[in-house]
Structure formats: C-alpha cells, structure tokens
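Please read the structure below before turning to the comments.
No value in this document is a laboratory result; all are computed from the given coordinates. Nothing here was measured: the structure is a model prediction, and the numbers come from that model. Reconstructed Cβ throughout: ideal geometry from the backbone, glycine too, with neighbour counts over all protein chains shown.
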Amino acid sequence: MTRVPMTREGHRKMKEELDRLLKEGRPKNIRDIAEARAHGDLSENAEYHAAKERQSFIEGRIQELQGKLAMADVIDTSKISQSRVAFGAKVKVLDIGADEEYEFILVGPDEADVKSGRISISSPVGRALIGKEVGDTAIVKAPARKIEYEVVEINFV
C-alpha cells in the first residue's frame, strides 16, 4: 500500500467534503429518491432516475474520499529542512526564457490545482524543483520547449 503525501489543509478539505456527503448529501438524496418513488410509475419517472444517478455519484465519491484519506500521509512541513524545495514549499521561480515570475506550492497529487498555483510533487515541474535551493536552476522538458526556472524564493506555508 503506497502512502500519498498530503498537506494538513488538503486533508482537512477532503475530510470536510466526506463529512458533508455523509451528513447532508446522502440523506438528502435518500429523501429525493423516496419522494420521486411516491410519484408512481418508476419506468417513466425522470426525477427518480436522476436521484438514482446522483446516489451512484455520491456513493462513488464517498468511497473515493475514504480510500484517499486511508492512504494519506499528512506531512508536517515544520519538520522539513526549509533551505531546499520540498513538499509543502511555496516556491517563487523566474522563467529564464520568458522573463516571467511564477509562484508554485508543491502539494500531493490529490490537492493539485494549477489555476491556484498548487502543483503536484509528481508533476514534471514539481519533480524538477524538488531539492533545489535559492539560485539553483530547474530544467523542465515540456513538449513545446525546454523551460528553465531559477529558484528565487522558498517559503513554507
């Protein structure tokens, strides 16, 4: 069984979603199914079929979240050396070729959200940055070009 690294925040959010599904989503869906069933003929009852589809989605998501939480290895970033890029680090980099700065937070694969700058440690950029210090250059081989990032700043959240 392979453990999956996760931040405290990511673990908390995942647990909150699971609790919300168990305490609100599932019971509401059960009520919706019962109400739709009371309308009569199930073969032509669109509300019933929609509620059963939602039930399937909710149950699948509950199982997925329970599995991910069981495999989670919550990392305490305060115990990590703060001089190098590591899991949980907020890294400011300079794209040398484009002369643009970016900021990334290295997180586990289940927490990654590129739009908010949260990248997986197992992504090409994440793998290239791990272990670098301020002033080091990380090279990422992208399909379009080779990207060189200079590490400008490292902070831990």
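What the table below lists for this structure:
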read-out	value
Rel. contact order, % - alpha carbon contacts under 8 angstrom, at least six apart, the chain	23 percent
Between 0 and 90°, nearest 10: helix 8-20 axis offset from the chain longest Cα axis	10 degrees
Table column - 3J(HN,Hα) (Hz), the range 132-147, Karplus curve with 6.51, -1.76, 1.60, x for Gly and Pro	7, 10, 4, x, 6, 10, 10, 10, 10, 8, 9, x, 7, 6, 8, 9
Percentage relative contact order, the range 4-74, counting C-alpha pairs under 8 Å, at least six apart	56 percent
Dipole magnitude of the range 84-157 about its Cα centre (Cβ charges: Lys, Arg +1; Asp, Glu -1), debye to nearest 20	280 debye
Nearest-ten-degree value, helix 26-37 long axis tilted from longest Cα axis of the chain	30 degrees
19 Å Cα-Cα threshold exceeded, pairs from 13/68; 68/115; 13/92; 79/132; 79/141; 92/132	68/115; 13/92; 79/141
Computed log₁₀ I(q)/I(0) - Debye formula, equal Cα scatterers, no solvent, the range 46-148, q 0.21 Å⁻¹	-1.10
Sum of -39500 (n - 2.57) over DSSP H runs of 4+, divided by residues of the chain (222 nm, nearest 500)	-12000 deg cm²/dmol
Vicinal HN-Hα couplings computed from phi for the range 85-94 (Karplus, 6.51 cos²θ - 1.76 cosθ + 1.60; Hz; Gly/Pro x)	5, 8, 3, x, 6, 9, 10, 9, 10, 10
